[in-house]
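The values are calculated or read from the model by the stated rules, or taken from the named source; none is laboratory data. In this text, all values refer to a predicted model and were calculated from it rather than measured experimentally. Glycine gets a Cβ as well: all are built from the backbone with ideal geometry, and neighbour counts include every protein chain shown.
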Amino acid sequence: MAFPPPPQQVPPPPGGGAPSRSGWSTRAIVLTVVVAMLAGLVVVGIAGFVTYRLVDDGSGAEASPSVTPPPDPGSTAPEPEVPAELRSFYEQELGWTDCGENQCARLTVPLDYAEPDGETIEIAVLRVRAGEPDERVGQLVVNPGGPGGSGVDYAAGGGAVFGATLARYYDIVGFDPRGVGQSTALECATTAQTDEFLASDPDPDTRAEVQRNDRLTRAYGEGCLERSGDLARHVSTVEVARDVDVLRAALGERQLDWFGASYGTTIGATYAELFPANVRRMVLDGAVAQNLPEDQMDVDQARGFQTALDAYLRDCLDKGCFLGEDLGEAQRRLSAFLEDVDAEPLPTGVAERPLTEGLAVYGIFLPLYVQSYWPLLTEALRRAIQDGDGSQLLTLADQYTQRTADGYQGNQTEALYAVNCADSSESVPLADVPDRFGEFEAVAPVFARIFAYGLATCDSWPIEPTDERPEVDGKGAAPILVVGTTRDPATPYRWAEELSEELDSGVLLSRDGDGHTAFQQGNACIDKAVEAYLVAGKVPEDGRSC
């Protein structure tokens, strides 16, 4: 199956961005169209990718003011015990250097925690110092999701991404997880190979097409082994969470303050399971349930994207768009368009890259993460359906996958597959997927077969998992704030409800709205609650809705 499942993280807005002076790629941090996406999730992700911005949901809400409660000082918990064989990693000191206006360092961790005396890898770390050092309450470690999102880029946004309050009271620390970006990075394919992989048919109609997708996926995974060796076997979320604890110690913190978005909530929840006593404050925004069966999560995500698509279509119809007179007609017209472009890809102005069905789906998915992108989707669909011009949908697809004229910026596609399949304990054989079409058609008529084939993604992946995913309850952790958005496409709201129940100390905070994730999306009620929790330790009432 060559169609990657939808990731959990924040997709880049049109326009991209230039590298920062530091050499760390800080993509387009602008306050106008800021995003928060991706949903790498389980094994159903679409290669969605990151630029870190605040999303204006049209509410007109101003940035939230500083929290009213007084800041709470840092942790006074006892120093955690460290296994003797890992002590050298936990006792390392980060060699901070200036990189632009921020600080950068490299963290050393074992490639395989079962063999701590063996090969090591490096983790890239970036720190934005607190605006008021004398009032600092801690160091907030952040992750934007993916799998494959750059925490270095995320943190570099500082107050533009996390708001004035958190930037004032916290050092904001981001890291690229093992295998990603500026860390020891996974390499699997050339630009041309990734182009072919992502453009392939997401819902194959014939046995030959099914076999081709299986071949492409296997070849992609084999490329990871050939180019990256054992690193391709050691990129699981359990290993990332263990790296986070080494980072906590290297930062000089007895407990962890964490903000994770999308797949970053999976890292955070896994950390809470492995190191519950080391959790101080933890926000899991755009939450991913941890203990549901993987096939159920695939169905949930299909429903989530259909819900987001329907919200977009209703808005488009209210404004007199060309897709039809009612929701059913608009859904049918969009489905017919995807079938047509599957049969005959559209020209895009780039001869070697016509708009295939796979690329068209990426182009449709990206604007569903951010409500302010909906007009872009309407124009791109009009161009494609009425004019036979696939160029604008290709542009949106390229923003989603971080494809530029010079190739892919980062290795999100490699990381997305490798991490999802390293975490996967279940996969449906390709031959059995058609038997599951009915349950997907019931919840996602436009995307049914696409998500159904996501069930088989890791059946075709040639690398077996090396770590077993733990059942998560985080028993013994301090209160953990779980945040969900009611019409989130990538991490359905049901997952936030589920995760808040799975975690022994989970507290649910809900945003009634569209798009992916909740914090800094124009909802002052959410922003104030998150800030008061992180800065002052004020835990909101469980079940609060904004």
When segment 122-138 is checked residue by residue, the ones that are within 22 Å of Glu239 (Cβ to Cβ) and touching an Asp or Glu at 6+ places or on another chain (Cβ under 9 Å) are Ile123, Ala124, Val125, Leu126
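Go through segment 102-146 and give me each residue that's more than 25 Å from Val283 (Cβ to Cβ) and either part of a loop (DSSP other than H, G, I, E, B) or in contact (Cβ under 8 Å) with a residue 24 or more places away in the chain (or both).
Within segment 102-146, the first condition is being more than 25 Å from Val283 (Cβ to Cβ), and the residues that meet it are 106, 108, 110-122.
Across segment 102-146, the qualifying residues are Pro110, Leu111, Asp112, Tyr113, Ala114, Glu115, Pro116, Asp117, Gly118, Glu119, Ile121, Glu122.
Looking only at segment 231-250, which residues are under 14 Å from Glu273 (Cβ atoms) and among the hydrophobic types (A, V, I, L, M, F, W, C)? Don't jump to the end; show me each part of the working.
Of the residues in segment 231-250, the ones under 14 Å from Glu273 (Cβ atoms) are 236-242, 244-245.
Passing the criteria: Val238, Val240, Ala241, Val244.
Take the conditions of a type outside the set (S, T, N, Q), more than 30 Å from Asp205 (Cα to Cα), touching a residue at least 60 places away in the same chain (Cβ under 8 Å) and in a loop (DSSP other than H, G, I, E, B) and apply them to Val288. Does it pass? Working first, answer last.
Numbers: of a type outside the set (S, T, N, Q): yes; more than 30 Å from Asp205 (Cα to Cα): yes; touching a residue at least 60 places away in the same chain (Cβ under 8 Å): yes; in a loop (DSSP other than H, G, I, E, B): yes.
Yes.
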Taking Leu376 as meeting all but one of (1) farther than 23 Å from Thr491 by Cα; (2) among the aliphatic types (A, V, I, L, M); (3) surrounded by fewer than 24 Cβ atoms within 10 Å (Cβ to Cβ), write down the number of the exception.
-> (1)
Here are some conditions: (1) in contact (Cβ under 8 Å) with a residue 40 or more places away in the chain; (2) farther than 27 Å from Ala452 by Cα. Gly320 meets all but one. Which one does it not meet?
-> (1)
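Here is a check on your reading of the model: is Val161 of a type in the set (A, V, I, L, M, F, W, C), closer than 18 Å to Arg248 by Cα and surrounded by 21 or more Cβ atoms within 10 Å (Cβ to Cβ)? If you could, list the steps in order and put the result at the bottom.
Numbers: of a type in the set (A, V, I, L, M, F, W, C): yes; closer than 18 Å to Arg248 by Cα: no; surrounded by 21 or more Cβ atoms within 10 Å (Cβ to Cβ): yes.
Taking the combined requirement at face value, the residue does not satisfy it.
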Quick check, is Thr378 of a type in the set (Ser, Thr, Tyr) and within 23 Å of Asp205 (Cβ to Cβ)?
-> no
State yes or no: is Asp459 more than 21 Å from the chain's Cα centre (by Cα) and surrounded by 20 or more Cβ atoms within 10 Å (Cβ to Cβ)?
-> yes
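Say whether the condition of being surrounded by 21 or more Cβ atoms within 10 Å (Cβ to Cβ), small (Gly, Ala, Ser) and part of a loop (DSSP other than H, G, I, E, B) is met by at least one residue in segment 272-285. Lay out the reasoning, then the answer.
As a first pass, look at segment 272-285 and keep what is surrounded by 21 or more Cβ atoms within 10 Å (Cβ to Cβ): 272-273, 278-285.
Now narrow it down to the ones that are small (Gly, Ala, Ser): 272.
Then drop every residue that is not part of a loop (DSSP other than H, G, I, E, B), which leaves none.
No, that holds for no residue.
Let's see how each residue does on (1) polar (S, T, N, Q); (2) under 30 Å from Glu226 (Cα atoms):
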| site | (1), (2) |
| --- | --- |
| Arg353 | no, yes |
| Leu359 | no, yes |
| Gly363 | no, no |
| Gln371 | yes, no |
| Ala397 | no, yes |
| Asn420 | yes, yes |
| Ser424 | yes, yes |
| Pro429 | no, yes |
Only one residue in Glu502, Glu498, Glu541, Glu464 is more than 19 Å from the chain's Cα centre (by Cα) and under 18 Å from Tyr263 (Cα atoms), so which one is that?
-> Glu502
From the list Ala241, Ala302, which residue is under 21 Å from the mean Cα position of the chain (by Cα) and crowded, with 24+ Cβ neighbours inside 10 Å?
-> Ala302
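Here is a yes/no grid of residues against (1) small (Gly, Ala, Ser); (2) farther than 30 Å from Gly145 by Cβ; (3) surrounded by 24 or more Cβ atoms within 10 Å (Cβ to Cβ):
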| position | (1), (2), (3) |
| --- | --- |
| Asp315 | no, no, no |
| Gly320 | yes, yes, no |
| Gln331 | no, no, no |
| Phe337 | no, no, no |
| Ala343 | yes, yes, no |
| Gly349 | yes, yes, no |
| Ala380 | yes, no, yes |
| Ala397 | yes, no, yes |
| Thr401 | no, no, yes |
Selection within segment 467-495 - within 22 Å of the chain's Cα centre (by Cα) and surrounded by fewer than 24 Cβ atoms within 10 Å (Cβ to Cβ) = Asp467, Glu468, Arg469, Pro470, Glu471, Val472, Asp473, Thr486, Arg487, Tyr493, Arg494
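Looking at segment 81-89, is at least one residue more than 25 Å from the chain's Cα centre (by Cα) and buried (at least 22 other Cβ atoms within 10 Å of the Cβ)? Steps first, please.
Applying the first criterion (more than 25 Å from the chain's Cα centre (by Cα)) to segment 81-89 yields 81-89.
When the remaining residues are screened for being buried (at least 22 other Cβ atoms within 10 Å of the Cβ), the result is 89.
Yes - at least one qualifying residue is present in segment 81-89.
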Consider Glu222 carefully, then state whether it is among the charged types (D, E, K, R), more than 25 Å from Ala536 (Cβ to Cβ) and surrounded by fewer than 21 Cβ atoms within 10 Å (Cβ to Cβ).
-> yes
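Considering only segment 423-453, how many residues are part of a helix (DSSP H, G or I) and not charged (D, E, K, R)?
Filtering segment 423-453 down to residues part of a helix (DSSP H, G or I) leaves 423, 430-441, 448-453.
Subset that is not charged (D, E, K, R): 430-431, 433-434, 437-438, 440, 448, 450-453.
The qualifying residues number 12.
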Based on what the data block shows, is Arg333 at pLDDT 95 or above, more than 20 Å from Ala199 (Cβ to Cβ) and in contact with a Gly (Cβ under 7 Å, 6 or more places away or on another chain)?
-> yes
Taking segment 190-235 and keeping only residues that are among the acidic types (Asp, Glu) and either part of a loop (DSSP other than H, G, I, E, B) or farther than 27 Å from Val433 by Cα (or both), one is left with Asp201, Asp203, Asp205, Glu226, Asp230
